[in-house]
Amino acid sequence: MDFSQIESVLGLASTALGATGKAVSTVEAVKKLLKGDKKPDDNNEAANLLNTLATELTAVNMMNVQLSEALRELSRELKRQDDFEKEKARYSLFETGERDMVFKLKEDVAHGQPIHFVCPVCLNRDKLFSYITGEDDYKICQTDKAHFFKFRDTPIRQPGRARTDWSPHDF
Ligand SMILES: [Zn+2]
């Protein structure tokens with residue numbers, strides 16, 4: 001979770017609250033003015049205060065729009081995070097025959113999907129489920145070919161002595 005995002009929403013909220021507080025005290029000042037003994041330039045002062053109040057309310061309004069947008073974005077981000085954690089929980093760390101670490105879909109939560117492996121680099125760094133595929137000794141990440149993982153170590157065949165067609169009777 002990106003906590004700086006939450007911090008900036010809280011910052012917006014407290015700025016909006018501060019602006020609301022300012023508008024409330026302007027309203028109080030107008031009320032006080034209307035209740036008190038009328039002085040010659042009271043009307044002028046009241047007009048100025050109402051003007052200030054209008055400006056303050058516009059600012060509050062704008063801040064509320066910003067704030068609700070930020071809250072919506074934050075809620076989307078939390079949902080994304082939650083979806084990611086749920087999906088990640090379907091995989092477990094798997095050690096290949098050659099001691100490489102990858103993630104493998106758990107059989108009990110496969111829901112009919114073929115059991116497959118995903119790239120740990122992409123998953124941990126980019127929160128991306130990228131399959132690693134290939135039937136040779138290595139499986140390669142579909143997103144970045146530099147991410148490859150050794151599953152087996154088939155001995156290199158000697159020229160003219162391919163294991164499939166070599167037999168001790170061939171002389
Ligand atoms: Zn990858």
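Summary of values
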{"item": "Among (1) within 9 Å of the ligand (Cβ to nearest atom); (2) of a type in the set (Gly, Ala, Ser); (3) surrounded by fewer than 12 Cβ atoms within 10 Å (Cβ to Cβ) - the single one Gly112 does not satisfy", "result": "(1)"}
{"item": "Residue selected from the stretch 121-137 under the condition free of Cβ contacts under 8 Å to residues at least 40 places away in the same chain and in contact with an Asp or Glu (Cβ under 9 Å, 6 or more places away or on another chain), by the criterion farthest from the ligand (Cβ to nearest atom)", "result": "Asp137"}
{"item": "Unique match (being assigned by TED's automatic domain parsing to the domain that holds Gln66, more than 16 Å from Glu73 (Cβ to Cβ) and not β-branched (Val, Ile, Thr)) among Ala23, Ala13", "result": "Ala23"}
{"item": "Answer from Leu71, Leu128, Leu67, Leu53 - the residue that is touching a helix residue (DSSP H, G or I) at 6+ places or on another chain (Cβ under 7 Å), at pLDDT 95 or above and within 29 Å of Glu7 (Cα to Cα)", "result": "Leu128"}
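The values are calculated or read from the model by the stated rules, or taken from the named source; none is laboratory data. Computed from a predicted structure; not experimentally measured. Reconstructed Cβ throughout: ideal geometry from the backbone, glycine too, with neighbour counts over all protein chains shown.
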